[in-house]
Structures are given as C-alpha cells and as structure tokens.
Amino acid sequence: MNQPLSPLTQLSKYQIQDLIGQGTFARVYAATDTFDLRQPKRALLELIIQGDTQEKNLRRRTFQRTAEILEKLNHNSIPKAYCLFEQDGGLYLAQELIDGINYADYLEGDRSVLTVTEIEQVFIEVLNGLAELHKAKIVHRDIKPSNLMRRNSDQSTVIVDFGSACDLSLVDEVATVLGEHQQKVGYTQIYTPGYAHPDQRDGLVPASPQWDLYALAKTIIAFRLGTNPPWHQSWSIDSLGFSDRTKELLKEMLKTEDCKLIDAWDALKFQVETINLSSSPTNNLLKESSNSNRFLMVGTVMTLLVAAMAGGYFFLLPKVRKLFQEKPAEVPQCPNYVKSQLELPVPDHGFAARFYYPETALAGDSKLEVWRNGKLLAKESDAIRGFIWIKSMADGNNFPPDRYQLRLLVPESIPYEKEVSLDSEFPFYYLGNAAALEVACALTSQPATSQ
C-alpha cells in the first residue's frame with residue numbers, strides 16, 4: 001500500500017487517470033466513473049496506512065468517520081463526498097473533483113496577486129467551511145494555501161486534502177506507538193512549518209480547532225505578502241490594508257495564549273461583532289455638538305410651525321384622533337426575525353437568542369439571562385443588534401444537564417420567559433455538557449418559541 005496506483009487501474013467502478021496530490025496520510029487521484037459516463041471526473045482519496053496495528057486501526061477509523069461526516073455535510077467550501085469503499089486491503093473515498101486553481105499558485109508567481117477584497121472573501125469562505133467541520137468535531141490540521149482551491153465555475157474557495165484531519169472524539173483513545181514515542185491520537189506531530197500552531201508542532205497537547213484558526217490567519221497573511229512564511233521583511237497586520245474587523249480577527253487568531261476563540265463558530269461571531277461607531281461615545285459627543293449648533297435655528301422653525309398648527313387644531317383634531325384609533329398596532333415578525341442579512345452562527349453549546357430589534361434601540365440594550373433554582377447564573381447583552389450568545393466555558397461545567405429559566409429583555413417588547421432543559425445527548429453537543437438552544441422574543445401577549 002506504499003506505492004501510488006498506476007494510471008488506468010480499476011478500483012470498484014472508478015478508473016484511475018492520474019495522481020494529482022499526496023500528503024503524509026493520503027493520496028489523491030483523478031478518476032472516472034466507468035459505470036456512468038455522464039458523471040464528471042471524481043477525486044479518489046486513498047488512505048496511506050502505516051504504523052503499528054493500533055495506529056493503523058485508529059487511522060482507518062478517523063478516515064472512515066471523516067468520510068461519513070463529509071458525506072453528510074452540504075457546504076460550498078467542503079468537497080462533496082460520494083462513497084467510501086475498500087478493495088484489496090485499501091480504503092478509498094470518492095469525492096467531488098474541484099475544477100479550479102490551487103491557491104499555492106498565487107504565491108509562486110504563476111497568477112496575478114490577489115486583491116485585499118479577494119483575500120477577505122477567501123477568509124470568510126474558509127471560516128464558514130471550518131465552522132461546519134468544527135461543529136462535527138473534525139480539525140483539518142493542515143490549512144495552508146496549497147490545501148485551498150478556487151473553483152473555476154463561481155470563484156468560490158474550497159478546503160481540500162483531509163488526509164491529516166483529526167477526529168476530536170478519538171483524542172482520548174489509548175496511547176499508540178509512533179516511532180520511538182508513545183502518543184495519543186490527536187497529539188501526533190503532523191504539521192506544515194510556517195503555518196502550524198506552536199502547540200501542534202510540539203505534540204504535547206491534543207488537537208484543537210484553534211490550530212485551524214491559527215493556520216488560516218497565517219495563510220491569509222501569506223496571500224497579502226505574496227510568499228510563504230517565514231517572512232523576513234518588516235510587516236504588521238495593521239499595515240496590510242485589511243478592514244478593521246479583519247485585522248482584529250487575525251490578531252486574535254494568531255494568539256498562541258489566551259485566545260478568546262474556541263473554534264471557527266467563535267471566529268465568525270467575532271468577525272461580525274464590530275463596534276457600531278455610530279453609537280460610540282465619541283460620535284455621540286459629535287452629534288451633541290452638532291445639535292447644539294442647530295438649536296437656535298430649529299427652535300425658530302418650531303415656533304413658526306406651532307403657530308401655524310394652532311389655527312387648525314380644533315378643525316383637525318377629531319379626524320387625526322379617528323385615524324390613529326382605526327390604525328392597527330404594528331407587530332414586527334417574530335420569532336427569529338433579524339433585520340440584517342448577516343449569517344449569524346448559533347453555538348452548539350450554551351444559549352443563543354435571535355430576535356426583532358426596534359430601530360430606535362442601540363446594540364447592548366437587550367439582555368439575556370440564565371437562571372436556575374432562583375439564582376442568576378449568567379447574563380449577556382447583544383453586541384450585534386438582535387443576536388445574543390451565552391456559551392459555556394471549555395470545560396462545560398457552568399451549564400451541566402439540568403432545567404434552566406431563560407429571560408429575554410428587549411426594548412419595546414414584552415419580557416420573554418421560558419423554562420428549558422439541557423441534555424447531554426443533544427445532537428449538537430460539542431464542548432462541555434450544554435447544548436444549543438435558540439429562543440426568540442415575544443412582542444405580543446402570546447410568546448412564540450423559535451423553531
């Protein structure tokens with residue numbers, strides 16, 4: 001199983017055409033479906049099986065689980081998986097063959113330099129793809145330019161080469177022998193120099209989604225500098241021309257200690273939680289100064305308007321009163337109504353609220369509280385208007401399976417209260433013992449829950 005397959009080799013219903021890539025644990029071939037010539041070419045992944053018996057078995061299990069997860073995922077930034085099969089002792093996965101450009105070409109002078117706008121678009125697309133993987137407890141472990149492809153059809157970005165992927169549900173497996181060192185799955189020193197997180201290089205701690213975030217940040221910077229790390233020229237994130245929100249997110253993702261981000265879901269949330277400058281103290285002071293300059297002119301105009309309206313007051317008052325009495329009160333859509341079109345992620349641990357937000361209110365005015373047995377456990381305001389996220393800590397001990405009372409307070413809305421139960425068997429359980437829960441506000445006397 002150590003030698004690449006020869007062209008025209010037949011495996012199941014696939015005929016090998018060419019070897020198009022190889023990593024430490026997998027090879028990728030271009031193949032055709034000989035049973036259905038109408039089908040486009042496929043990418044055929046072959047697991048490279050090596051190590052002792054335990055390592056081989058664990059590597060096969062990881063490959064199989066990754067294949068099962070990819071088959072269930074439906075995301076534009078993750079290749080579609082079609083089938084997993086075995087033949088002659090080998091394990092293979094048939095996937096979508098990406099017709100496009102490898103992003104490594106942009107660092108080797110073969111393509112024109114990517115613009116800042118293009119790089120930021122790649123950034124968000126890859127983050128969205130990683131969020132789906134992290135939710136499924138899969139860490140890619142080898143994010144870099146050469147493992148990203150740009151589709152020719154729509155210019156979207158796709159994450160490829162899952163040969164080094166780690167299944168977080170297996171990181172506590174019994175120790176296996178790799179060379180002369182005894183390690184557990186997830187601690188294996190698999191990395192690409194220049195892109196890998198220091199903890200990944202050391203192999204002393206289990207795999208973490210933060211490794212993918214760190215490597216993606218290095219990848220985005222490499223696109224801007226036009227070369228792979230290490231970078232010997234003088235540079236800083238602030239000097240690369242990115243938007244403020246991108247700069248702040250990159251800085252956080254590059255932290256090797258005290259990083260606030262647990263996974264790509266956190267990064268996406270961080271990315272849209274920029275401060276609304278229009279409501280900042282500085283801008284409010286400017287507005288107050290501007291308002292004071294207009295005060296005299298506005299006062300004069302208002303005096304004239306009041307005088308004009310006074311003459312017709314008794315004539316118009318009955319008609320105006322009747323008009324307002326007959327007009328029904330406006331009730332915004334609820335639940336799960338968000339005015340902006342942002343794709344706001346819902347966490348897979350903790351609590352989240354999505355709700356209508358009055359136009360007159362500012363971000364931070366709404367509150368979500370979590371109570372248990374009459375005791376307030378946690379509360380959070382909305383950094384994004386209409387979206388609040390209260391997540392459990394990494395150890396999950398602050399929200400164990402139990403019954404909780406939620407209270408959502410939104411300006412101009414009736415307080416929304418609901419008793420909920422968290423179950424450790426919740427299908428989206430990820431970190432800790434708390435599962436995701438969506439709630440929505442009630443703007444009438446009949447509260448409605450989210451779907």
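Specify the residue that is farthest from Thr219 (Cα to Cα); the eligible residues are those in the range 89-103 that are touching a Lys or Arg at 6+ places or on another chain (Cβ under 8 Å) and among the aliphatic types (A, V, I, L, M).
Checking each candidate, the answer is Leu91.
Looking only at the range 91-126, count how many residues are loosely packed, with under 15 Cβ neighbours inside 10 Å, among the charged types (D, E, K, R), out of contact with any helix residue (DSSP H, G or I) (no Cβ under 6 Å at 6 or more places or on another chain) and over 14 Å from Ser156 (Cα atoms).
3
Looking at Leu91, Leu114, which one is modelled with pLDDT of 85 or more, of a type in the set (A, V, I, L, M) and closer than 26 Å to Asp33 by Cβ?
Values: Leu114 fails: closer than 26 Å to Asp33 by Cβ.
Just a single option satisfies the conditions, and that option is Leu91.
Suppose we filter Ala352, Ala363, Ala378 for residues that are touching a Pro at 6+ places or on another chain (Cβ under 9 Å), crowded, with 16+ Cβ neighbours inside 10 Å and at pLDDT 70 or above; which single one remains? Walk me through how you get there before you give the answer.
Working: Ala363 fails: touching a Pro at 6+ places or on another chain (Cβ under 9 Å); Ala378 fails: touching a Pro at 6+ places or on another chain (Cβ under 9 Å).
After applying the criteria, what remains is Ala352.
For residues that are touching a strand residue (DSSP E or B) at 6+ places or on another chain (Cβ under 9 Å) and at pLDDT 95 or above, scanning just the range 130-146, find the one that is surrounded by the most Cβ atoms within 10 Å (Cβ to Cβ).
Leu130
For the range 84-108, how many residues meet the condition of being free of Cβ contacts under 8 Å to residues at least 12 places away in the same chain and over 17 Å from Pro229 (Cβ atoms)? Break it down into steps so the answer makes sense when it comes.
Taking the range 84-108 first, the residues free of Cβ contacts under 8 Å to residues at least 12 places away in the same chain are 86, 88, 105, 108.
After this cut, where a residue has to be over 17 Å from Pro229 (Cβ atoms) as well, the list is 86, 88, 105.
So the count comes out to 3.
Condition test on Ala136, is it among the aliphatic types (A, V, I, L, M) and under 14 Å from the mean Cα position of the chain (by Cα)? Step through it out loud before you land on a result.
Working: among the aliphatic types (A, V, I, L, M): yes; under 14 Å from the mean Cα position of the chain (by Cα): yes.
Criteria met by Ala136.
Among the residues that make up the range 221-239, is at least one of them out of contact with any Gly (no Cβ under 9 Å at 6 or more places or on another chain), basic (Lys, Arg) and at pLDDT 90 or above?
Checked the range 221-239: no residue is out of contact with any Gly (no Cβ under 9 Å at 6 or more places or on another chain), basic (Lys, Arg) and at pLDDT 90 or above.
Against the conditions (1) in a loop (DSSP other than H, G, I, E, B); (2) modelled with pLDDT under 90, where does Lys56 fall short? Just the number, please.
(1)
For Pro332, all conditions in the list (1) of a type outside the set (Phe, Trp, Tyr); (2) over 20 Å from Leu268 (Cβ atoms); (3) modelled with pLDDT of 70 or more hold save one; what is the number of the exception?
Condition not satisfied by Pro332: (3).
The values are calculated or read from the model by the stated rules, or taken from the named source; none is laboratory data. Note that this is a predicted model, so its numbers are computed, not measured. We place every Cβ from the backbone using ideal geometry, glycine too, and count neighbours over all the protein chains shown.
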